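Asks: Have a look at the structure that comes next, please.
The values are calculated or read from the model by the stated rules, or taken from the named source; none is laboratory data. None of the values given here were measured: they were computed from a predicted structure. Positions of Cβ are generated from backbone atoms using ideal geometry, with glycine treated the same way; all protein chains shown enter the neighbour counts. These accessible areas exclude ligands, DNA and RNA; they are computed on the full protein's heavy atoms, side chains included. Shrake-Rupley method; radii C 1.70, N 1.55, O 1.52, S 1.80 Å.
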Amino acid sequence: MSNRKRIILEPSYMKDFNCIGSKCEDSCCIGWKVFIDKSTYQKYKKIQDIGLKPLFQKMINREHTQNNNVSYGKIKMLENGGCPFLDEESLCKIHRKLGAEYLSDTCALYPRHVNQIDGRLERSAVISCPEIARAALLDSRGIRFEQVEEDIDKRINVHRIFDTEGHLYINKPERYFGTLGYLAYLYYRIVDINYGKDL
């Protein structure tokens, strides 16, 4: 484990978010295309677990139409749209038997979403996850932001990189994306500090 750290801006609800698993009224393991990154795909090819090895061989295919490490393979979903690695309690067999480090980026990081704006990392979450929707929408104080320090080894996947000073955004609204995001962060810090006071 490295001692190096990174700073990332995220909504405060991300700090307390935890998947509630089989208690969830929905499932993030049904109805999606689930791609497997290259390093995870290669791990799966080496698995000797007697229960999982046949599933890996039958239900994970190399995605030859994709020429990148992110979508290197894909899980072949069941006819009902469900993941073949779900057990009778709708929990992941891979996670249960091998641990979180054997999950693909898609499975391990959902619903988290990271972008890089002008060199700064910003984490949010997609509200297709009911638990995230509750955390984000039901807080009476609204969405607040904070900068957190975390180990640089913590697993992330940067979805998009915005360089608002670059030539691509010279005459576009995206040029002000980073500035507006930082102003929103400052505003919510002031509100958070003065919560309960008249501003």
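Asks: Filtering segment 50-70 down to residues that are open to solvent by 20 Å² or more (accessible area, probe 1.4 Å) and closer than 23 Å to Cys19 by Cβ, which residue is nearest to the chain's Cα centre (by Cα)?
Replies: Only one residue fits best here, namely Val70.
Asks: Looking at Ile7, Ile36, which is the one that is in contact with an Asp or Glu (Cβ under 9 Å, 6 or more places away or on another chain), of a type in the set (A, V, I, L, M, F, W, C) and open to solvent by 50 Å² or more (accessible area, probe 1.4 Å)?
Replies: Answer to the check: Ile7.
Asks: State which residue is nearest to Lys33 (Cα to Cα) when the search covers only segment 59-76 and only residues that are at pLDDT below 95 and out of contact with any Phe, Trp or Tyr (no Cβ under 8 Å at 6 or more places or on another chain).
Replies: It comes out as Asn61.
Asks: Now, a different point. Among the numbered criteria (1) modelled with pLDDT of 85 or more; (2) at positive phi, which single criterion is violated by Gly142?
Replies: Among (1) modelled with pLDDT of 85 or more; (2) at positive phi, the lone unmet condition for Gly142 is (1).
Asks: Could you tell me whether segment 139-147 includes any residue that is charged (D, E, K, R), surrounded by 13 or more Cβ atoms within 10 Å (Cβ to Cβ) and under 18 Å from Ile8 (Cα atoms)?
Replies: Yes: segment 139-147 contains one or more residues that are charged (D, E, K, R), surrounded by 13 or more Cβ atoms within 10 Å (Cβ to Cβ) and under 18 Å from Ile8 (Cα atoms).
Asks: Then there's this: Which condition does Ser128 not pass, out of (1) at pLDDT 90 or above; (2) of a type in the set (Ser, Thr, Tyr); (3) open to solvent by less than 50 Å² (accessible area, probe 1.4 Å), if it passes all the others?
Replies: Result: Ser128 fails condition (3) only.
Asks: How about segment 33-57: which of its residues are within 29 Å of Leu121 (Cβ to Cβ) and in contact with a helix residue (DSSP H, G or I) (Cβ under 8 Å, 6 or more places away or on another chain)?
Replies: Listed by number, the residues that qualify are Val34, Phe35, Ile36, Asp37, Thr40, Lys43, Tyr44.
Asks: Read through the list (1) touching a strand residue (DSSP E or B) at 6+ places or on another chain (Cβ under 7 Å); (2) farther than 17 Å from Ser104 by Cβ; (3) surrounded by 15 or more Cβ atoms within 10 Å (Cβ to Cβ), then give the number of the only condition that Gly73 fails.
Replies: Unmet for Gly73, out of (1) touching a strand residue (DSSP E or B) at 6+ places or on another chain (Cβ under 7 Å); (2) farther than 17 Å from Ser104 by Cβ; (3) surrounded by 15 or more Cβ atoms within 10 Å (Cβ to Cβ): (2).
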